[in-house]
Amino acid sequence: MQYYLIIPAHNEAQHLALTLQSIEAQTVSPKKIVVVNDHSTDETENIVKSFIAHNLNLILLNNFSDSEHQPGSKVVRAFQKGLEMLDEHYDFIVKLDADLILPPNYFETIIAHFNSDSKIGMAGGFAYIEKNGAWILENLTDKDHIRGAFKAYRKACFQQIGGLKPAMGWDTVDELLAKFYGWEIKTDETLKVKHLKPTGANYNKTARFKQGEAFYTLGYGFWITAIASAKLAMMKKKPLLFLDYIRGFWKAKFANKPMLVTVEQAKFIRNYRWTKMKRKIFR
């Protein structure tokens with residue numbers, strides 16, 4: 001299987017070289033790699049150029065966007081710029097963060113999963129962060145969810161869901177839409193990815209309302225949003241975030257923010273979420 005990587009990078013000089021080294025160490029190499037230097041003011045561009053000198057599959061794209069970190073939209077728009085540089089001669093495509101260290105067999109294993117079942121539309125491992133000298137699971141999501149930092153998409157699935165949505169919640173709506181169209185999501189606990197920068201480290205103060213807005217645009221409705229907000233706030237060990245998420249939901253609703261899904265898809269998503277919650281309660 002052939003695969004392409006797109007790596008959005010905004011001021012990632014501290015970690016980017018480690019990410020690129022871990023890609024070079026893969027047992028199965030990507031056919032093409034695009035690093036989108038997204039308005040960086042540090043040495044990100046020069047680091048990419050130093051790797052291009054000995055990697056003909058690596059492409060640098062300088063993108064001049066807003067320098068402010070906007071959860072979801074900024075990184076996806078950078079990804080989309082990278083996508084414009086590529087053809088469609090791939091079997092799967094990966095949106096990869098620039099602050100990761102992948103195990104050497106990461107993509108070899110992803111390929112094995114895609115080959116094992118044609119219904120698998122997305123595949124990925126799990127993120128680990130360093131704490132007190134040990135690498136521990138960055139436990140922010142359920143075990144059946146793939147983090148957006150290293151998600152691989154089968155081409156047919158990627159195209160059917162319409163690619164990635166430039167909004168917070170993009171790495172949730174993609175999986176929900178995949179399920180809507182009958183695809184399966186494969187997570188692999190043996191693939192332990194080192195995440196060098198904790199999730200949300202660059203978010204600005206206004207971003208705290210964005211999660212609630214995302215729940216609204218996913219079509220969750222209030223009660224699923226309330227449950228999901230409480231769960232996420234507790235997982236982050238910041239209970240007061242619950243209030244910010246709920247406030248963000250109502251702000252989006254009153255502003256009549258455009259939805260990321262259709263009415264039919266929203267109905268499917270709510271039914272899917274309620275069914276999943278009931279299974280957890282009554283298992």
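Any read-out appearing in this document is the output of simple, stated calculations on the displayed coordinates, not a laboratory observation. None of these values were measured; they are calculated from a predicted model. Positions of Cβ are backbone-derived with ideal geometry, glycine not excepted, and every protein chain shown enters the neighbour counts.
Descriptive notes on the structure:
- Rounded to the nearest 20 debye, the dipole size of the chain about its Cα centre is 1580 debye, using +1 on the Cβ of Lys and Arg and -1 on the Cβ of Asp and Glu.
- Taking other residues whose beta carbon is less than 11 angstrom from the beta carbon of Glu43, and scoring Lys, Arg as +1 and Asp, Glu as -1, yields -2.
- Helix 170-180 and the longest principal axis of the C-alpha atoms of the chain enclose an angle of approximately 70°.
- Comparing Lys151, Lys238, Lys251 in a Gaussian network model of the chain where C-alpha atoms under 10 Å apart are linked, the largest mean-square fluctuation is found at Lys238.
- Among Ala53, Ala17, Ala228: highest mean-square fluctuation, GNM of the chain, C-alpha pairs under 10 Å: Ala53
- Degrees between helix 73-83 axis and first principal axis of the chain (Cα, 0 to 90, nearest 10): 40 degrees
- Taking Phe215, Phe64 and counting other C-beta atoms within 10 Å, the order from fewest to most: Phe64, Phe215
- By the beta-carbon count within 10 Å of each Cβ, the least crowded to most crowded order of Ile110, Ile59, Ile281, fewest first, is Ile281, Ile59, Ile110.
- Efficiency of FRET from Cβ geometry, Val28 and Thr275, R₀ 51 Å, rounded to 0.05: 0.90
- On Cα atoms only, tilt of 222-235 relative to the major axis of the chain in degrees: 50 degrees
- For Lys49 and Lys257, the difference between the fully extended length at 0.36 nm per residue and the C-alpha to C-alpha distance is 70.8 nm.
- Spacing of the modelled spin labels on Met235 and Met85, each 7 Å from Cα toward Cβ, amounts to 3.2 nm.
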